[in-house]
Amino acid sequence: MRTYRIAAIPADGIGPEVIAAGLQALEALERRDGGFRLDVTTFDWGSDYYRKTGAMMPEDGTEQLKAFDAIFFGAVGAPDVPDHITLWGLRLPICQGFDQYANVRPTRILPGIRSPLADVGPGDLDWVIVRENSEGEYSGIGGRAHKGLPEEVGTEVSIFTRVGVTRIMRYAFKLAQSRPRKLLTVVTKSNAQRFGMVMWDEIAAEVAKDYPDVTWDKMLVDAMTVRMVKNPRSLDTIVATNLHADILSDLAGALAGSLGVAPTANIDPERRYPSMFEPIHGSAFDITGKGIANPVATFWTAAQMLEHLGEPAAAARLMRAVEKVCADGVMTPDVGGTATTRHVADAVCEAIRMEN
Ligand code: ATP
Ligand code: MG
């Protein structure tokens, strides 16, 4: 029997609610499949931990995580703790410490969920956005001179390296190649940003030579937002910088119906370290404790995790169960339903048990 060690970090807000639902579904899959076992260790890191100890996780936190096969993450953020502590104290050290440079965000319209786009339903929009997750605009380099004075200057430096761009480009071409349409769109802003972005375009053309069966094109990020709305069927796999993909994937999530259904995987493609799987949404304190958080994003990222671990059959089974439950209308209020998190989780587990 294959055993995978999973580190669950539910953390803040609705994180514990959706991770509980996700673990419930994973257990149902484990029982149903019989071929693998998940050995889950839950960590109490996050804002509560910060209030008690002054840190979001122990100093050797990432060291402790190294022994695991994957990290199943909830959400970070709390109204009374600043982002630079929550985000930079837990999520980013994991992403950066484990060099999870490929951030993979599938988007598709699930049955029963309405897109805000007219005439766009399941099958019309099926994208994977690959976000560069280790450099670019979020390098953290820059500064402020003459702070508070009229002559103040703030700089924010984007760093693009040949190594960094080449490896994300390879990842994206390979992913595009593995999908039926073999279609990749490379997004930049190389008309206005003339150095790093031009390098990005050049490296795309170089890497493309190794993937002759992939059809690819280039888009400027502004025009890309229009294309996503006007012609969603023309897109399949998309690769963009840290900042651009961040923005595009929020748009993608909205077009697919709700942030509550959007998953993300932070992958170390070289598998030197554990990869991390999480819903895109944050801690959502406005609905915390009400029992109505949509667990679908967390189910979907659990499926990404199973796929990454080498259990594609279980991943596909989970997604079929999620789609069935959505099609049956068992949905939380954010996507127009009346079900609770618990109802949706129970229905998904039942669908996993009952499937032929
Ligand atoms: P953070 O600072 O942690 O990113 P945020 O409040 O900026 O938090 P989100 O937590 O992502 O952003 O929430 C944005 C909105 O989407 C909230 O109004 C929230 O209620 C809603 N939302 C987010 N996730 C879900 C979910 N899983 N189910 C239902 N609604 C959700
Ligand atoms: Mg947010």
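The values are calculated or read from the model by the stated rules, or taken from the named source; none is laboratory data. For clarity, every value in this text was computed on a predicted model and none was experimentally measured. Here Cβ is always computed from backbone atoms with ideal geometry, including for glycine, and neighbour counts include all displayed protein chains.
Hey, does region 187-199 have a residue that's of a type in the set (A, V, I, L, M), surrounded by fewer than 20 Cβ atoms within 10 Å (Cβ to Cβ), modelled with pLDDT under 95 and away from ligand 1 (no atom under 16 Å from the Cβ)? The answer is yes; a qualifying residue exists.
Any residue in region 314-328 that is over 21 Å from Gly121 (Cβ atoms) sitting within a Cβ distance under 6 Å of a residue that is part of a helix (DSSP H, G or I) and at pLDDT below 95? List the pairs, counting only those 6 or more apart or interchain. Here the result reads Ala314/Asp33, each pair linking region 314-328 to a residue that is part of a helix (DSSP H, G or I) and at pLDDT below 95. I'm trying to understand the selection: among the residues of region 106-161, which are in the same structural domain as Met228 (by TED's automatic domain parsing) and of a type in the set (S, T, N, Q)? Selection gives Asn133, Ser134, Ser139, Thr155, Ser158, Thr161.
Yes or no: Ile280 at pLDDT below 95, in contact with a helix residue (DSSP H, G or I) (Cβ under 9 Å, 6 or more places away or on another chain) and of a type in the set (Val, Ile, Thr)?
Working: at pLDDT below 95: yes; in contact with a helix residue (DSSP H, G or I) (Cβ under 9 Å, 6 or more places away or on another chain): yes; of a type in the set (Val, Ile, Thr): yes.
Considered against the rule, which asks whether it is at pLDDT below 95, in contact with a helix residue (DSSP H, G or I) (Cβ under 9 Å, 6 or more places away or on another chain) and of a type in the set (Val, Ile, Thr), Ile280 comes out as yes.
Given the options Ile287, Ile292, name the one that is over 17 Å from the mean Cα position of the chain (by Cα), within 16 Å of ligand 2 (Cβ to nearest atom), touching a residue at least 12 places away in the same chain (Cβ under 8 Å) and surrounded by fewer than 24 Cβ atoms within 10 Å (Cβ to Cβ). Going through Ile287, Ile292 in turn, the sole match is Ile287. When Val261 is tested against (1) more than 11 Å from ligand 1 (Cβ to nearest atom); (2) of a type in the set (A, V, I, L, M, F, W, C); (3) not assigned by TED's automatic domain parsing to the domain that holds Arg131, just one condition goes unmet, and that condition is (1). Considering only residues that are within 16 Å of ligand 1 (Cβ to nearest atom) and β-branched (Val, Ile, Thr), look in region 30-82 and name the one that is surrounded by the most Cβ atoms within 10 Å (Cβ to Cβ). Applying the filter and picking the extreme gives Val76. Is it true that Leu184 is farther than 30 Å from Lys209 by Cβ and not aromatic (Phe, Trp, Tyr)? No; evaluated as a whole, the condition is false for this residue.
Inside region 40-55, residues that are outside any helix (DSSP H, G or I), of a type outside the set (Asp, Glu) and over 21 Å from the mean Cα position of the chain (by Cα) make up a count of 3. Among the residues of region 83-125, those that are more than 17 Å from the chain's Cα centre (by Cα), surrounded by fewer than 20 Cβ atoms within 10 Å (Cβ to Cβ) and under 30 Å from Tyr49 (Cα atoms) comprise Asp83, His84, Ile85, Trp88, Gly97. Of all residues in region 1-39, those being within 16 Å of ligand 2 (Cβ to nearest atom), part of a loop (DSSP other than H, G, I, E, B) and of a type outside the set (Asp, Glu) number 2. Only residues that are assigned to a helix (DSSP H, G or I) and at pLDDT 95 or above were counted in region 319-337, giving 10.
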